[in-house]
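Data block below; observations after.
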Amino acid sequence: MTHGLDLPLPTARALHGWWRELADLRPRRLWYGRLYFHHLEALVETAHETSLDPLQRALLQALAADLPSSSFDPQLQARLLSELAKAGLLDGTDAAPTLTALGRAALATGSFVSIRRSRRSFWFVDNTVCGTSPCFLQPRRPLATAKAPEGWTFPVEELSACVQRPAEWKQRHGYPADVRAIIDLAAAPGDWRAVALDRAEQFLGIVVEPEGAALTAFSIRPDVMGLERDRPAFTLAAGWEEVLPDLAVEPALEEWRQAWLTWCAAHGIPEADTCAVARESLLIQVRAPKNVVERLQTARGEPLKNEAWLLAGTGRFRAAAMFEVIEI
Amino acid sequence: MTQRERQTPDGGAQAPSRLAAEFPAANGSGGCWEDLVTEIPAARRQELLALADRQGLLYVHQLGPVSPRHPLFSALLHGQVANLEPLHPPAVMPIDPDLDDAQREAVARALHTPDVCLIQGQPGTGKSRVVAEIIVQAAVRGERVLLVAAGAAALDCVLERIGTHEALFPLRCLAPDERAEALPACVRRLTFAERLRAFEEQTLGAARRSLGEATRDWEARRRDEAVWPRLEGALARIVHLDAELQNLAGGRDGFAGEVLAEAERPAEPNGSAFQAELARIASRNADALARIESRQAEHRTATVTVQAQRHYLETEVQPLLALAEAKRTGQWWTAAWWRAVFGGNVGGRLEELQKQLQELSPLEARLKKEADDLADERSSVDGLARTERDAAVGAETTRRLAAADARAAAAADERGAAESEWQAACRELTDAALIPAGPSAEALRMKRLEWEAGLKQAEQRRAAAAQSAAGLEQALPTLPEQLARYVNLVVATPCGLAQDVRFGEGVAPPATFDLLIFEEADQATEADFLQAARRARRWVFVGEPQPDDLPPPRPTHGRVVRPSALRPGCFQRLWRNLRWDPRRLPYSWEQRDGRLHCRLRAVPREQESWVQSERLADRPDVELHILSRPHQEPELVEVVFPASTSVPEAKEYLYRELGEVTLQAASADWQWAETAERVILRLTPVADPNAVLVPLCAGVRELVAPAAGDENDETAEWRTCAVEFDRSAGWDRTRACGWAAEQLRLRDLCRSTLLTVPHRTCPALAAWLMHLLDGQSVPTGGAPGEMAFEFVAVPTGAAGDEPRRRGEEEHRVRSVGGAAVATRLRHVKGGAGLETDLTDSRRIDQMPADLRAALPPRGVVNYLEAQALIRRLEGMLADDSFRAAAERWQQNQARPCEHQGAVCAAPGQTTGRPAHCPAVAIVALYPTQGELISRMLQRVPALLASPVTVEVGTPSSFRHRECMTALVSLTRSHTHRAVPFGDGPEALALALTRAAERVILFGDPGTLARRSQWQGALDHLDDTAAERERAVLARLVRAVHETEATLPVFRPREGNRA
């Protein structure tokens, strides 16, 4: 799979602009990259705690107490009886419907659990490049449809495995808690609704690690390389390394040095290889000879002011960092 | 999955629906699997299903070029129906048992279509009934239905049928310009405001009443609580007294023994009086006895003494007697003799002793007597004592019995009082069922338990009723949302739907439905369609045939057909794309120039110059017409046979030589039928006995029959009745369908149904309407004397008649009575000119000035025609049999609207609303003519007083309504030119199809004849509409011309005769 080769790289100026837009988050680290998502649409069985509405409750009370229910409009009553019977709260809707045990419990508690089947969407990050299985990640805004990369597969058992995960995991990852089971063709042979469908979608944007929080990702419109700042594409709480393991690995210093060389080449700075690159906290420090510094200071557009950004790495994510030049 | 299930807010992401995909404004993401799958051909679907089974899932790229796709509605409009799989809907068990086969088929198709279904039929063919059935069946299946119609009348027509069905909870949305008060009562109650009001007044009111009743019941049972102790007290007393009485009754027999026993017992110190008496008696007896015994003792002593004395004497005497005897006898040899001799004075001594003995005897007798006396005295004393004792015992016994009787009487009185107390307490019980069966502990206990259970139940009921009432009170603020949630049928016009606050366009997310039914779809615009279609996954469009459904205008020689100004409506486009119409096949047969022409392809007029003729080498009498356009392949467009060749021969020849099935159908109706012997593609509703068989290929034959065409339609001489496939030759339905698809391009998607059976009208009238409107064959039957269709000529048009404009008196132009209408029309060159254009102030006519002044300033009226109509109406109303029939009709029509008890008002009744179905409808094609007739009706007292409901209106005002008899005023009567009749052919068809039993047309034969001769656009009518109107009127003119004597159901009359 070619996650990183065709990644459209932003300019350093664009990176700088995004940095300023995200300043309020106080990012500690910043990545730029692309993620492929498996958008799976599958038939699921869900359980909902459903409150009895006042009309249902009134009718159940009337039936339970043998009150005359004829006060209801016959048509409304028939609809209510039908709904209640469908929910399993009544035995039949004939002339003398009776409350089931579930119905009596619902009347006592004011709610009941309704089981339904419907097709739902689930998103999994494709982690083939990391050699791990796809991880559930609930996006918070629509993702762009993508052409499925070569070798695009999804281990379908992962879909059911998520259902079995503990509630804490589901809450942390935003997995819908009401999903009780995935209904596949084995459970419903020949039922078209039970066919799971996998669409390839992609996220192109930046991932920031804000101060005091976990990861937050923002999409970028590739046509204008504009940051869609209004709403994150997704967020990841503690334990995000499980979902995006490649972000947990810091680029080697050599990769930063290569990034510096690339930057200098793009800006026509000679003798860049004479500089030493070091990482100091969140900043890349470049120790450069005087001639290089002078050249940088006299370059057009004041690159050190607006474009002092490097992108390191070759995978689906590139670590982004600001650099400063120190004269030696 | 219903739309409601789909819409459930689950918290997680819901799969996108086709609705979103269909209308990208809502959601631009691709479409969900369920929608995509419907676009995939069946075979491919099975492959994908197997693939999904193997892989566990499907990848979108494996679906192939399915998505993104053209929106379905747009695709259907553009004829992209290749992906639609033919439906095979199972038969549906109809709720309405009177549906005919076609209607049942329409219902089944509508219910089972995954996408779209079309239903088309002329007025009166039962479309509304089918719609009602579809709605109810869908609702029973748990689906949510949206019913939309261009006009509110169509909606209300359906609602009046099914508005109260228990499977439905319908909601009638009001358009902004619609008032609820104007709706029929049974429809008005279905509006949201009325639903809310009914809930508050009925449901909530009943809940409050129920609470009141439960409270009263509970309080009454609580009051009973004090009754039970009283009942228990009374019961205790009753039980005690019963026991006492029983004891008293039982003791009565034992009193004697008891007293005797008591008398036997030793007296107690403080004993009873009885015992004291007994003691006294005993004491006295004892005293007497003591005295006697004392005397007896003395007597016994004396007796003993005497007895001792006697004993002594006897002891002394006895030895002396033997001595004395021995002496006296001298028995000296005895000792005794000797002792007597020597013993002394034995004799004296003996004598003395005997004397003493003799002296003792009286004493002894006295003593014995005394002893006997004493014994007697003792017995007497004992007897006296016993008698006294017995008397005392008897007295005691009597006393005791008396005492017991007295006590029993008192106890009985006490018991009576206790029972009265019991009864009084019982009467205080609120529930008669709680009254114990009798004063018994068990009965009381059971009833008390029953009461306690009832009290508990009443408490529970009261609590439940209070909760229920409180719950409903709490529901009030959110009641609109609650009710809307349960609505499973939303009924609205497009405008009303768009602006509805709960289901309208402004609601987010928009309400969606499982099924959209679009009534009067033929009148809807594409915008209306799109607006409604986005709300549902499946669509059913119902409408009437439109002009586009007619055969395309044939090139008329020497005349240019102007292009149509009106585009066909969406419904008609859908119909055309989804329904195979045999009339759209290019073949036509006509006799022209003495030869038989078979047209294989239509040739545009501008290309006619490129048509070349060529004769067959092997059969020179057959001429080929070949279209040889520049730079294009020549194309055979027509084959001309000699006059001697029959159509069957020619057809057989063409199929043999060209492989063309030159089928020409009379109507759009067709259907597959199957018998044991063959599969039949029927193209006419009934088999024609005159049909001729044309063998096509092995086992396949075409049945053609001569058909009467209209006077301007020379081609309609031979029509195909059916194509038959013999099973014996290996044909079955599948193979026959394949043959038809290949040869006739017939692909039956089973998504459309054409309703052709008239249900509103009587058979004779229906036949005439089918002839006039659809061009079907002229009816030939009809019961004698039955006049289902009449034409009243105004004026008569007889030789003596002159146009009205000449100012002659009406009665003077009615000179010829029963002259044949055919004679009148034969020489007509124009109309009588009886119409009056109200804008023409110079026009002189005989309309009374006050009437003229009351009419609108613009419009067309025909005063003489109005007069003829009213005279005819007067005559009808004077007929007893007609009046009786009308009253029967009115009674049937005024039945309560379903179960609501509301009665649709009749005209003239207090509500002032028009009857839904008047007995007599006067349909004027022009509103001004209707106004004129209304005003003239007001001047006829006999009409005003008649109980028969008569309503005057334009055709549109009678839409979705029916009447027993329709009097149609055609109005137009122009002197020389062809004029249109009303708004167009639809209005004319509407006017003709309102009546169930009889239609009486009033018109000017000359103007009709002139109109029937005009071809092409006319005034506001474009070519198509004008042609359709012309065709109808031409058939009418021909019927008037030809059928007076032969067809009793069609009766031309003289309009000017009184």
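The values are calculated or read from the model by the stated rules, or taken from the named source; none is laboratory data. This one's a predicted model, so the numbers in the text were calculated from it and none came from an experiment. Ideal geometry is used to build each Cβ from the backbone, glycine not excepted, and the neighbour counts take in all protein chains shown.
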Quick check on the range A:107-130: of everything there that is touching a helix residue (DSSP H, G or I) at 6+ places or on another chain (Cβ under 9 Å), closer than 28 Å to A:Pro142 by Cα and of a type outside the set (S, T, N, Q), which residue is farthest from the other protein chains (Cβ to nearest Cβ)?
A:Cys130
Anything in the range A:45-62 that is more than 7 Å from every other protein chain (Cβ to nearest Cβ) and crowded, with 23+ Cβ neighbours inside 10 Å? List them, or say none.
A:Gln56, A:Leu59, A:Leu60
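Go over the candidates B:Ala279, B:Ala290, B:Ala273 one by one and state the one that is surrounded by 14 or more Cβ atoms within 10 Å (Cβ to Cβ), without any contact (Cβ under 8 Å) to a residue 24 or more places away in the chain and more than 30 Å from B:Trp422 (Cα to Cα).
Numbers: B:Ala290 fails: surrounded by 14 or more Cβ atoms within 10 Å (Cβ to Cβ); B:Ala273 fails: surrounded by 14 or more Cβ atoms within 10 Å (Cβ to Cβ).
Matching residue, one of B:Ala279, B:Ala290, B:Ala273: B:Ala279.
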For the range B:426-444 the number of residues that are surrounded by 14 or more Cβ atoms within 10 Å (Cβ to Cβ) and either closer than 14 Å to B:Ala236 by Cα or touching an Asp or Glu at 6+ places or on another chain (Cβ under 7 Å) (or both) is 6
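Can we say B:Arg252 is within 30 Å of B:Ala402 (Cα to Cα), in contact with a helix residue (DSSP H, G or I) (Cβ under 7 Å, 6 or more places away or on another chain) and in contact (Cβ under 8 Å) with a residue 24 or more places away in the chain?
Yes: the conditions hold for B:Arg252.
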Can you confirm whether B:Ala417 is more than 14 Å from every other protein chain (Cβ to nearest Cβ), farther than 30 Å from B:Cys173 by Cβ and crowded, with 16+ Cβ neighbours inside 10 Å?
no
Looking only at the range B:14-70, and only at residues there that are of a type in the set (Ser, Thr, Tyr) and within 16 Å of A:Ser121 (Cβ to Cβ), the one that is modelled with the lowest pLDDT
B:Ser29
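If you take the residues of the range A:148-179 that are charged (D, E, K, R) and surrounded by 13 or more Cβ atoms within 10 Å (Cβ to Cβ), which of them is nearest to the other protein chains (Cβ to nearest Cβ)?
Filtering the range A:148-179 for residues that are charged (D, E, K, R) and surrounded by 13 or more Cβ atoms within 10 Å (Cβ to Cβ), the one nearest to the other protein chains (Cβ to nearest Cβ) comes out as A:Asp178.
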Would you confirm whether or not the range B:587-599 contains a residue that is assigned to a loop (DSSP other than H, G, I, E, B), touching a residue at least 40 places away in the same chain (Cβ under 8 Å) and more than 54 Å from the chain's Cα centre (by Cα)?
yes
Being in a loop (DSSP other than H, G, I, E, B) and of a type in the set (Val, Ile, Thr) is the filter; apply it to the range B:634-672 and report the residue that is farthest from B:Asp581 (Cα to Cα).
B:Thr645
Considering only the range B:182-216, state which residues are within 11 Å of another protein chain (Cβ to nearest Cβ), in contact (Cβ under 8 Å) with a residue 60 or more places away in the chain and within 30 Å of B:Phe958 (Cβ to Cβ).
B:Arg189, B:Leu190, B:Arg195
What's the number of the only condition in (1) farther than 30 Å from A:Asp230 by Cα; (2) more than 7 Å from chain B (Cβ to nearest Cβ); (3) of a type in the set (Ser, Thr, Tyr); (4) touching a residue at least 40 places away in the same chain (Cβ under 8 Å) that A:Ser82 fails to meet?
(4)
Would you pick out the residues in the range B:133-181 that are within 13 Å of another protein chain (Cβ to nearest Cβ), closer than 23 Å to B:Asp100 by Cβ and surrounded by fewer than 21 Cβ atoms within 10 Å (Cβ to Cβ)?
B:Val140, B:Arg141, B:Ala167
Kindly indicate which of B:Arg195, B:Arg216 is within 26 Å of the chain's Cα centre (by Cα), farther than 20 Å from B:Cys495 by Cα and not polar (S, T, N, Q).
B:Arg195
With criteria (1) of a type in the set (A, V, I, L, M); (2) in contact (Cβ under 8 Å) with a residue 40 or more places away in the chain; (3) more than 14 Å from chain A (Cβ to nearest Cβ); (4) assigned to a helix (DSSP H, G or I), B:Ile517 comes up short on (4)
Do we have B:Ala498 as in a helix (DSSP H, G or I), under 21 Å from B:Ala153 (Cα atoms) and either away from chain A (no Cβ under 14 Å) or of a type in the set (Gly, Ala, Ser) (or both) here?
yes
Name the residue that is nearest to A:Leu7 (Cα to Cα), counting only residues in the range A:180-204 that are more than 9 Å from chain B (Cβ to nearest Cβ) and hydrophobic (A, V, I, L, M, F, W, C).
A:Leu204
Could you list all residues from the range B:458-469 that are of a type in the set (Gly, Ala, Ser) and more than 9 Å from chain A (Cβ to nearest Cβ)?
B:Ala458, B:Ala466
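Results for (1) at pLDDT 90 or above; (2) in contact with a Ser or Thr (Cβ under 6 Å, 6 or more places away or on another chain), shown as yes or no for each residue.
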| position | (1), (2) |
| --- | --- |
| B:Ser420 | yes, no |
| B:Pro439 | no, no |
| B:Ala465 | no, yes |
| B:Ala469 | no, no |
Looking at (1) assigned to a loop (DSSP other than H, G, I, E, B); (2) over 27 Å from A:Ala12 (Cα atoms); (3) within 12 Å of chain B (Cβ to nearest Cβ), can you tell me which one A:Ala238 breaks?
(3)
By residue number, the members of the range B:101-125 that are at pLDDT 90 or above and in a loop (DSSP other than H, G, I, E, B) are B:Thr113
Quick check: anything in the range B:436-457 at the interface with chain A (Cβ under 9 Å from one of its Cβ atoms), touching a residue at least 60 places away in the same chain (Cβ under 8 Å), out of contact with any strand residue (DSSP E or B) (no Cβ under 8 Å at 6 or more places or on another chain) and not in a loop (DSSP other than H, G, I, E, B)?
no
